[in-house]
Amino acid sequence: MAELLFWPALLLYGEAAVGYFGEVRRPGRAGRAATWGVRLGWLAQTALLAAQAARDDGFPWGTWASSLSLFVWLVVSAYLIWGCRRPYRLLGLVVMPLAVALLVIARAGGGTGSASASHYSNLFLVVHVGLVLAAFAGFTLAAALSGLYVWQERRLKTSPATILRRQVPALATLDELALRTVAWSVPLLTLGVAVGLVRLVARGDRLDALIAATAVTWLVWCAYLGLRLLGGWAGRRAAYLALAGFVLVVVVRLALPAAHFA
Amino acid sequence: MIRLVLVGTSHHHAPIELREQVALDRDAAQALAARLAEGGREAACLSTCNRTELYVAADDAEQAERDAVAALASLEPDVEPALYRLHDRAAALHLFRVAAGLDSLVPGEGEILGQVRVAHELGAIGPVLDRVFRQALHAGRKVRAETAIGQSPASVSAAAAALAEQVFGSLAGRSILLLGAGKVSEQAARNLRSRGAEISLVANSKTERERIHERLATVDVVIASTNAPGLVLEAATVVEGLRGRKGRRLVLVDLAVPRDLDPAIGELDGCYLYDIDDLEQIVVETLSLRRREAERAEAIVAAEAEKFHEWHASLDVVPAIASLRARAEEIREAELQKAEALLGRLDESQRRAVDAVTAQIVNKLLHLPTVRMKQAAVAADGVLYAETVRHLFGLDEDER
């Protein structure tokens, strides 16, 4: 049953991704269809995750692949907060293809099927995995906002004549939203990592590459927050830093997974 | 039947020299409408910088048209060849297009809707003009709500404000620095102020301009339009001013030719520089967008004009329908009275039931003829149907 719910979620996210490309070419109908694709796809994926949780009677997203599926759901959930509003539709151009690709990878890794029993407690998994993934979802959204900022700023500088063809939030709004998203996400990551470290010390385990990369990611996003709040950073410089931070999120989520989850 | 007559001229038909001779202020427009309405007619005058139009509703359309032409010709005899004359459906459609901004120089401009409202308020209004003006205002609002015809800037000053909004979002509380005080820069500043921005300084003299870098640390928008032969603000000066801004964005609008602002400013981080060419390109782009939206707006306006036509045409048959219903009600009441002896034995609720049933029978019998007569009125057979009904039911004999 849970397996079956994967396909509507994937198809609807796929429809949304295609729709947002259509929105770039001709704003209007394609964008509206894409937004409905996101909403319905999110509902299908929510049902998928609920069915997984009910079947496994616990927290079934402790593996690398299943956590990827939860990560996609968190990213889309965060996007839905703004994505339904017309000026933010173009964010979907970054978020939805990413969601589709990650969901396919999660499926290929067995993340949408039945989970093997974890030797960790449910509480630990919820707090550690849940908080880290929520923070990464926030960073992903902040990176998408920053990407939109860089693109829109470039348009404002080089081709103002066509600037009003597409409804995009003002630069100041994008900048502010990215900051706010990171300001929420950094504490979540801090807490999630701290819980993991306490557990690591208690069990006498050793640091692995994923923990080291996560620590670097945490440092970069803390630096982003510090530079923005105390150093007066804003605009393009801050957007590039957010994009660099997102590269680290990608590395942590995709490039260094296996050993840590084993 | 009361006919609707329009006589007027606009920027499509008359040059400014002619239009200004027949342009009327509010008092004159009100007085002219009152004069035209004498003798039981209705009249309204719509006078703007682009048009002067007289709307008259009267039984005698030819006489009403002659009077309206004479009224405008009395202001300027040469205007007569430039006058257009429209009746009924065409007159209503024209007013709806005007209210929607489709007949304006800049399609979709918003000011005209207020001017139509004023004409309605100042006119000598009766049922026909009230209906047509209300429906025109409705059509104008609907077009603006359902299309994007009025959403994009149609002037250089509005384009400057739109660009600033693309950078800052809301302009409320943003401060403006004016370099030079030309007419165009004043318009741009007015546009920004209407969106909540405030003018913090007007630097007109050379001395004031020399200390401009101090002000650059605090302002959000700079509008330049001096007559200076060379650059007034160099990139190096802006770099100096940016030091105190802590990453805050700065929009610079150069309306002067030759340019006042160093083009290199546009390369600086956080600075958004636009010259007159950029703004004019936005206006050109906007106008083509508005023209595309105008096609959708025309469909909305045509549908509204059709509704008005149906209502107006139904005026032909309304008196006959009213007479027919009155006659039927009279017969029903008379028959109930005749049956009083029988009905007297009924209790109150039974009497009410009989009353309701007979009323229902009358309504059901008359429903279809009423609908058919209104349909016939729209198809121009209304008068014939009305006469037939009067003849068949002896309505004229009753009135006699």
Query raised in the report: Looking at region B:217-251, which of its residues are part of a loop (DSSP other than H, G, I, E, B), closer than 15 Å to residue B:263 by Cβ and not small (Gly, Ala, Ser)?
Result: B:231, B:232, B:234
Query raised in the report: For residue A:204, which of the numbered conditions (1) more than 14 Å from every other protein chain (Cβ to nearest Cβ); (2) surrounded by fewer than 15 Cβ atoms within 10 Å (Cβ to Cβ); (3) at negative phi; (4) not charged (D, E, K, R) fails to hold?
Result: (3)
**Report entry** Close pairs from region B:234-257: first within 11 Å of another protein chain (Cβ to nearest Cβ), partner in a loop (DSSP other than H, G, I, E, B), Cβ under 6 Å, at least 6 apart
**Finding:** B:244/B:217; B:245/B:217; B:246/A:232; B:247/A:232; B:247/A:234; B:249/B:270
**Report entry** Pair list, Cβ < 6 Å and 6+ apart or interchain, from region B:146-157 residues that are within 11 Å of chain A (Cβ to nearest Cβ) to residues that are assigned to a helix (DSSP H, G or I)
**Finding:** B:148/B:293; B:152/A:164; B:152/B:286; B:152/B:289; B:153/B:159; B:153/B:162; B:153/B:286
**Report entry** Search result, residues across region A:73-88 that are under 25 Å from residue A:48 (Cα atoms), in a helix (DSSP H, G or I) and either modelled with pLDDT under 80 or over 12 Å from the mean Cα position of the chain (by Cα) (or both)
**Finding:** A:81, A:82, A:83
Query - Given (1) touching a strand residue (DSSP E or B) at 6+ places or on another chain (Cβ under 8 Å); (2) surrounded by 21 or more Cβ atoms within 10 Å (Cβ to Cβ); (3) assigned by TED's automatic domain parsing to the domain that holds residue B:206, number of the condition residue B:123 does not satisfy - result: (3)
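Looking at B:164, B:181, B:203, B:197, which one is in contact (Cβ under 8 Å) with a residue 60 or more places away in the chain and touching a strand residue (DSSP E or B) at 6+ places or on another chain (Cβ under 9 Å)? Break it down stepwise before answering.
Working: B:181 fails: in contact (Cβ under 8 Å) with a residue 60 or more places away in the chain; B:203 fails: in contact (Cβ under 8 Å) with a residue 60 or more places away in the chain; B:197 fails: in contact (Cβ under 8 Å) with a residue 60 or more places away in the chain.
One residue alone meets the criteria, B:164.
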Report summary line: The number of residues in region A:212-230 that are out of contact with any helix residue (DSSP H, G or I) (no Cβ under 9 Å at 6 or more places or on another chain) and of a type in the set (Gly, Ala, Ser) is 2
Requested in this report: State all residues of region A:231-257 that are within 11 Å of another protein chain (Cβ to nearest Cβ) and assigned to a loop (DSSP other than H, G, I, E, B); if no residue qualifies, say none.
Outcome: A:231, A:232, A:233, A:234
**Report entry** Identity of the residue in region A:142-187, charged (D, E, K, R) and within 13 Å of another protein chain (Cβ to nearest Cβ), that ends up surrounded by the most Cβ atoms within 10 Å (Cβ to Cβ)
**Finding:** A:175
Query raised in the report: From the list A:64, A:36, which one is at pLDDT 90 or above and either surrounded by fewer than 23 Cβ atoms within 10 Å (Cβ to Cβ) or charged (D, E, K, R) (or both)?
Result: A:36
Query raised in the report: Which ones in region B:188-205 are outside any strand (DSSP E or B) and crowded, with 18+ Cβ neighbours inside 10 Å?
Result: B:188, B:189, B:191, B:192, B:197
Requested in this report: Looking at (1) in a helix (DSSP H, G or I); (2) within 14 Å of chain A (Cβ to nearest Cβ), find the lone condition where residue B:208 falls short.
Outcome: (2)
**Report entry** Of all residues in region B:343-368 being surrounded by 10 or more Cβ atoms within 10 Å (Cβ to Cβ) and modelled with pLDDT under 85, the one that is farthest from residue B:309 (Cα to Cα)
**Finding:** B:346
Report summary line: For region B:1-40 the number of residues that are free of Cβ contacts under 8 Å to residues at least 60 places away in the same chain and touching a strand residue (DSSP E or B) at 6+ places or on another chain (Cβ under 6 Å) is 4
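Every residue, every condition in (1) hydroxyl-bearing (Ser, Thr, Tyr); (2) modelled with pLDDT under 90, yes or no:
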{"residue": "B:9", "(1), (2)": "yes, no"}
{"residue": "B:16", "(1), (2)": "no, yes"}
{"residue": "B:49", "(1), (2)": "no, yes"}
{"residue": "B:56", "(1), (2)": "no, no"}
**Report entry** Residue among B:242, B:250, B:231 that is modelled with pLDDT under 90 and closer than 30 Å to residue A:229 by Cα
**Finding:** B:242
Report summary line: Per the filter on region B:261-303, residues more than 12 Å from chain A (Cβ to nearest Cβ), part of a helix (DSSP H, G or I) and surrounded by 23 or more Cβ atoms within 10 Å (Cβ to Cβ) are B:297, B:301
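The values are calculated or read from the model by the stated rules, or taken from the named source; none is laboratory data. What you see is a predicted model, and the numbers here were worked out from it, not measured in a lab. As a convention, Cβ positions derive from the backbone with ideal geometry for all residues, glycine included, and neighbour counts pool all protein chains shown.
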